[in-house]
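Structure first, then comments.
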Amino acid sequence: MVDYANYLTHLECGLTGERHEAGQVHGLSQAGKPLLARYDLDAVKAGVDRDAIWERTGGFWKWRELLPVQDTKHVCALGEVDTPLITLNTLHESGNVIIKDEGRLPTGSFKARGLALAVAMASELGLEHLAMPTNGNAGSALAAYCSRIGIKTTVVCPDDTPAINIEETALQGAKVYKANGLINACGAWVKAGADKGLWFDLSTLKEPYRIEGKKTMGLELAAQLGWTLPDVIFYPTGGGTGLIGMWKAFAELEAIGWIGGKRPKMVAVQATGCAPIVKAWQDGAEHAPLWEDAKTMAAGIRVPVALGDFLILRAVRESGGFAIAVEDEAIADARAEMGSKEGIHLCPEGAATYAAYKQALADGQISEKDQAVLFNCGNGLKYPMPALR
Ligand SMILES: *Cc1c(COP(=O)(O)O)cnc(C)c1O
């Protein structure tokens, strides 16, 4: 096994900047906020060649020098790939609308990135049992990587979670419970078990390393575009790990001199039936209060309250971007249009980004000349399809 240099130095509270030591098990910071991994970026700059990294195989694992895992024996790889960029050519002839198709990853969604890193770090830190509440793709990704490396998993789903997600998670080796409550209630149950010492709580942003996995979307995108970034990124935002992770990736890439100072506008896309971040963005607020009665067909972005709300909003504002909500009907139309006109089967969350692109274009928030990357975060085949007519 090849050994890679490791540059992780410590962790920092995302709100207060308070330092926490590496090499120990961490949940939230002292202040109860997400922790961010920090690296010796000067040493990376001096010692690592971006093109040598980009030539490696192994998908997101190729970025080892910018990831926290020290020992390769904890790398729980399942044949990851760099996910393709697909340029639209029928719906938009400009060549400026590009889909990044994350549905090609193990377990069919980009949850693979975050959970692979969280599981590898759990293994490195000696954790033996991980648990998580989920109403979608996170459970199967967690279960798959845990099974790969020999860690026990418990997953709790609201009882209205689609059967396919529950069955897939069970098939991949997790012990799955259905709870008659929403995701928040499932989260409370997982926390209670963690407090009793039954398992470690791997809820979104409650441990530091999922962001590091999601960060690789930003690293990979920069490399794919020849070490530049697009004008605008449309991202389907639930807990926001991906948006926060990409924003962190861009800052790290600039600090090590692999890209310049240009940043894309970051656009947080939500559904009108669950749009806490959009409301907070419109209100100029730093935090996003709980969204009552959350409803949307795009389950991955049905997240009524996000622990990293302030980090999402900070990235959107610093980037000069915006937050935008789309109707479920527009999501369904966008999915059908993309499938039939471009041959690309988006998941509903991915379709939401295309609906948002069209809406933002019509409203003049962006122009046809902007190079736009739309994240399709899951494989459309994992979701119900419209009935035959
Ligand atoms: C989880 C998920 C999202 C939301 O991702 P976050 O980074 O948590 O905001 C979007 N789309 C799909 C398909 C998902 O599974």
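The values are calculated or read from the model by the stated rules, or taken from the named source; none is laboratory data. The structure presented is a predicted model; accordingly, all values stated were derived computationally and were not measured. Don't worry about glycine lacking a Cβ; one is built from the backbone with ideal geometry, like all the others, and counts go over all protein chains shown.
Of the helices (runs of 4 or more DSSP H) contained entirely in segment 230-325, those carrying at least 2 residues that are small (Gly, Ala, Ser), under 19 Å from the mean Cα position of the chain (by Cα) and under 27 Å from Leu66 (Cβ atoms) fall at 241-255. With respect to being touching a helix residue (DSSP H, G or I) at 6+ places or on another chain (Cβ under 8 Å), closer than 12 Å to Val269 by Cβ, in the same structural domain as Asp101 (by TED's automatic domain parsing) and of a type in the set (Gly, Ala, Ser), Ala360 falls outside the description. Looking across segment 86-112, the residues that are away from the ligand (no atom under 16 Å from the Cβ) and touching a Leu at 6+ places or on another chain (Cβ under 6 Å) come down to Val97, Ile98. Can you tell me which residue within segment 29-80, out of those that are in contact with an Asp or Glu (Cβ under 8 Å, 6 or more places away or on another chain) and polar (S, T, N, Q), is nearest to Leu307 (Cα to Cα)? It comes out as Ser29.
Here segment 128-156 is the region considered, the condition is being assigned to a helix (DSSP H, G or I) and more than 16 Å from the ligand (Cβ to nearest atom), and the residue that is surrounded by the fewest Cβ atoms within 10 Å (Cβ to Cβ) is Ile149. Looking across segment 239-282, the residues that are in contact with a Pro (Cβ under 7 Å, 6 or more places away or on another chain) and within 13 Å of the ligand (Cβ to nearest atom) come down to Val269, Cys274, Pro276. Identify all residues within segment 12-69 that are outside any loop (DSSP other than H, G, I, E, B), touching a strand residue (DSSP E or B) at 6+ places or on another chain (Cβ under 7 Å) and of a type outside the set (Phe, Trp, Tyr); write none if there are none. Once the filter is applied, which keeps residues that are outside any loop (DSSP other than H, G, I, E, B), touching a strand residue (DSSP E or B) at 6+ places or on another chain (Cβ under 7 Å) and of a type outside the set (Phe, Trp, Tyr), segment 12-69 yields Glu12, Cys13, Arg19, His20, Glu21, Leu35, Leu36, Ala37, Arg38, Leu66.
Can you name the residue in segment 327-360 that is farther than 20 Å from Gly95 by Cα and outside any helix (DSSP H, G or I) and, of all such residues, is farthest from the ligand (Cβ to nearest atom)? Among those residues, the one meeting the criterion is Glu327.
Of all residue pairs spaced 6 or more apart or on separate chains, those with beta-carbon atoms under 9 Å, a first member in segment 284-304 that is touching a residue at least 12 places away in the same chain (Cβ under 8 Å) and more than 9 Å from the ligand (Cβ to nearest atom) and a second member that is aromatic (Phe, Trp, Tyr) and outside any loop (DSSP other than H, G, I, E, B) are Glu286/Phe310; His287/Phe310; Ala288/Trp281; Ala288/Phe310.
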